[in-house]
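One structure below.
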Amino acid sequence: MALDKDLLEILACPATKEPVVLDGEFLVSTDPATRRRYRIEDDIPIMLVDESEVLPEDEWLTIMK
């Protein structure tokens with residue numbers, strides 16, 4: 001997976017408008033209140049709230065470190 005750095009800089013969580021970080025095949029919202037994770041399929045981020053998942057707090061904290 002090769003997500004362009006410039007694209008990553010402009011992508012934001014559609015639910016909160018907070019930045020996202022790359023975590024393997026996922027983009028994870030930096031918002032601690034929602035902890036949303038969005039999958040990437042065929043190098044295309046699926047930035048749909050209905051398709052996202054909420055991470056457990058401990059898993060989100062590990063990703064944010």
Apart from one, (1) in contact with a helix residue (DSSP H, G or I) (Cβ under 6 Å, 6 or more places away or on another chain); (2) among the aliphatic types (A, V, I, L, M); (3) loosely packed, with under 12 Cβ neighbours inside 10 Å all hold for Ala33; the odd one out is (1)
Asp50 is checked against (1) of a type outside the set (Phe, Trp, Tyr); (2) in contact (Cβ under 8 Å) with a residue 24 or more places away in the chain; (3) exposed (fewer than 15 other Cβ atoms within 10 Å of the Cβ) and fails just one. What number does that condition carry?
-> (2)
Of the residues Val49, Val28, Val54, which single one is in contact with a helix residue (DSSP H, G or I) (Cβ under 8 Å, 6 or more places away or on another chain) and β-branched (Val, Ile, Thr)?
-> Val28
Name the pairs: first residue in the stretch 16-27 and free of Cβ contacts under 8 Å to residues at least 40 places away in the same chain, second residue in a loop (DSSP other than H, G, I, E, B) and among the β-branched types (Val, Ile, Thr), Cβ to Cβ under 7 Å, at least 6 apart or on different chains?
-> Thr16/Thr34; Glu18/Thr30; Pro19/Thr30; Val20/Thr30
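Each value in this text was obtained by applying a stated rule to the coordinates, not by laboratory testing. Fair warning: this is a prediction, and the values are worked out from it, not measured in the lab. Cβ atoms come from the backbone with ideal geometry, glycine included; neighbour counts cover every protein chain shown.
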